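The structure appears right after this line, and notes come after that.
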Amino acid sequence: MQTKVIHVDPKTLKLLEMNARFMRHEEFQRLVANVKKDGQLTSAPFAARNADGTYEVLSGNHRVQAAIAAGVESIPCIITDDELSKEQRIAIQLSHNAIVGQDDPDTLKKLYDEIFDIDLKEYSGLDDKTLGLLDKASSQAMTEANLEYQVLSIVYLPDELKDAQRIIGKALETTKNSAAVWLARDSEYDRWLDAQETASSAHNVKNVSAAIKIILDIFERNLTQLSEGWDGEDSKHDNSTWVPLSTVLGRTKIPAGGAKTIKRALDKMVGSGEITSKNLYDGLVKLCADYIEKK
């Protein structure tokens with residue numbers, strides 16, 4: 001068989017209609033991330049010329065798809081212009097999939113341990129199943145580097161999506177400056193599953209996102225109970241600590257007339273110099289303190 005290496009636009013290559021080799025979603029996303037990091041394919045696929053002049057990928061379909069997903073416009077490709085029968089093409093496809101060799105586990109583990117950068121560990125494509133780390137490590141000793149990740153997709157109805165995005169956005173805003181990664185205990189995960197199951201059973205819903213919305217709605221209705229965190233006997237907060245006003249008032253709305261009254265009072269306090277426009281909450285604190293003194 002005569003072969004040569006050319007550079008082609010991956011979008012022009014024809015992919016196999018039936019490919020015995022499969023790749024999990026998270027594995028494919030990792031491959032895409034690796035291609036983006038490299039800016040090119042570092043392992044060339046193999047393709048055979050069709051009668052119409054196009055090339056069909058017999059080996060490396062996932063690499064070609066990853067290159068397309070990563071936005072790579074030109075990739076190296078090993079091609080043959082020899083006329084191949086359907087049987088020959090299938091045989092080549094299966095042989096390339098089957099001849100992969102095996103890794104020595106001890107050597108693999110030693111090599112992996114010499115990588116300290118978390119991004120490069122992920123780039124290597126290895127995980128706890130491959131390395132047999134799961135049985136050897138305690139839950140307390142697990143780090144971000146040796147956990148196996150899975151993608152969880154939650155589908156929301158259109159009218160639920162906005163609320164979910166708002167709550168998730170607030171959670172991301174709260175944690176964006178955190179330098180640490182914390183893992184919940186198995187017991188906490190069990191409590192979450194139990195809460196989800198209880199909410200589903202109580203409302204007779206089967207959709208996970210609907211159950212999560214119920215749990216979040218209950219949380220929203222009971223926000224004021226969180227005041228125990230800064231006002232309880234075991235609180236470690238001092239008077240200078242900032243806390244969410246929603247833990248005092250909840251996510252409540254007030255009539256426009258009442259809002260106008262509060263605004264006029266605060267505006268008057270700003271005008272008199274008692275408070276500044278940047279710290280309007282000082283006005284509410286002052287009004288409440290005056291009321292307590294009078295009583």
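Quick look at the values:
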| quantity | calculated |
| --- | --- |
| Nitroxide proxy distance, nm - points 7 Å out along Cα→Cβ at Val155 and Lys286 | 5.6 nm |
| Among the listed pairs Lys213/Lys294; Lys11/Lys213; Lys260/Lys295; Lys268/Lys294; Lys263/Lys294; Lys162/Lys206, those beyond 32 Å (Cα-Cα) | Lys213/Lys294; Lys11/Lys213 |
| Segment Asp267-Glu188, length gained on full extension (0.36 nm per residue, minus Cα span) | 23.8 nm |
| Pairwise FRET efficiency - Ser95 versus Gln40, Cβ, R0 = 30 Å, nearest 0.05 | 0.70 |
| Mean separation of Cα contacts under 8 Å, 6 or more apart, over the residue count of the range 192-295: relative contact order % | 16 percent |
| Sites Ser246 and Asn207 - FRET efficiency at Förster radius 25 Å, r taken between beta-carbons, to 0.05 | 0.35 |
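A short reminder: the numbers here are calculations on the coordinates, not readings from a lab. Bear in mind that the values here come from a model prediction, so they are computed numbers and not experimental data. Don't worry about glycine lacking a Cβ; one is built from the backbone with ideal geometry, like all the others, and counts go over all protein chains shown.
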